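The values are calculated or read from the model by the stated rules, or taken from the named source; none is laboratory data. Computed from a predicted structure; not experimentally measured. Every residue, glycine among them, receives a Cβ derived from its backbone with ideal geometry; neighbour counts consider all protein chains shown.
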């Protein structure tokens, strides 16, 4: 039987079919995130405010994808952001639900890629350097609210898992490298994984610790 792959490519935000607000199945209290469907809790890397949410039906897959965009700002400028996507089965299974493998934007700036088994689910994750693009369709819900997304380097951590074959979860958390109160370079070659050193390496180590600690707090609730 052909498997259904849930493509977490921000198509929901990029298209115009985002009129319906996401269901209130996710609650944010300080750094604590609580999801009702699927049932899990997570301690976020930082206190982030929910900026935008939407839902999109996927009739061919008998599923609905909910998107939640969270951000932490200083003044009107984003310092950290997180995009949470949850796909829920809504009808009889067409095929087993899966997620595509995580792939870095470039091999030169990927620092970590691994998987861990926790709480009954297999979590795939990676950490890489990326560049925020304020013109990206996925970020327009933030930009349209008057929040500035600076075109800076950002460290990004991604992780995803499938829950009981009925739900798929993807989280992408990123933080501006200039928000760590350390002087770092804007030159891309200073951030290449094979030669990173000095302040850039210290910033990465802080980010890695915070991101992996967030994964460690994931708690799934099995019925």
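Let's see how each residue does on (1) in contact (Cβ under 8 Å) with a residue 40 or more places away in the chain; (2) under 17 Å from the mean Cα position of the chain (by Cα); (3) surrounded by 15 or more Cβ atoms within 10 Å (Cβ to Cβ):
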| site | (1), (2), (3) |
| --- | --- |
| 163 | yes, yes, yes |
| 176 | yes, yes, yes |
| 185 | no, no, no |
| 191 | yes, no, yes |
| 204 | yes, no, yes |
| 207 | yes, yes, yes |
ask   = What about residue 45, is it crowded, with 16+ Cβ neighbours inside 10 Å, outside any strand (DSSP E or B) and in contact (Cβ under 8 Å) with a residue 60 or more places away in the chain?
value = yes
Looking across region 114-127 at residues that are assigned to a strand (DSSP E or B) and either more than 15 Å from the chain's Cα centre (by Cα) or at positive phi (or both), the single one that is surrounded by the most Cβ atoms within 10 Å (Cβ to Cβ) is 121
Exercise. Looking at residue 200, is it at pLDDT 95 or above and either in contact with a helix residue (DSSP H, G or I) (Cβ under 6 Å, 6 or more places away or on another chain) or part of a loop (DSSP other than H, G, I, E, B) (or both)?
Worked result: yes
Within region 128-158, the count of residues that are touching a helix residue (DSSP H, G or I) at 6+ places or on another chain (Cβ under 6 Å), in a strand (DSSP E or B) and touching a residue at least 40 places away in the same chain (Cβ under 8 Å) comes to 3
Considering region 77-108, residues that are part of a strand (DSSP E or B) and over 14 Å from the mean Cα position of the chain (by Cα), and then whichever is surrounded by the most Cβ atoms within 10 Å (Cβ to Cβ), we arrive at 78
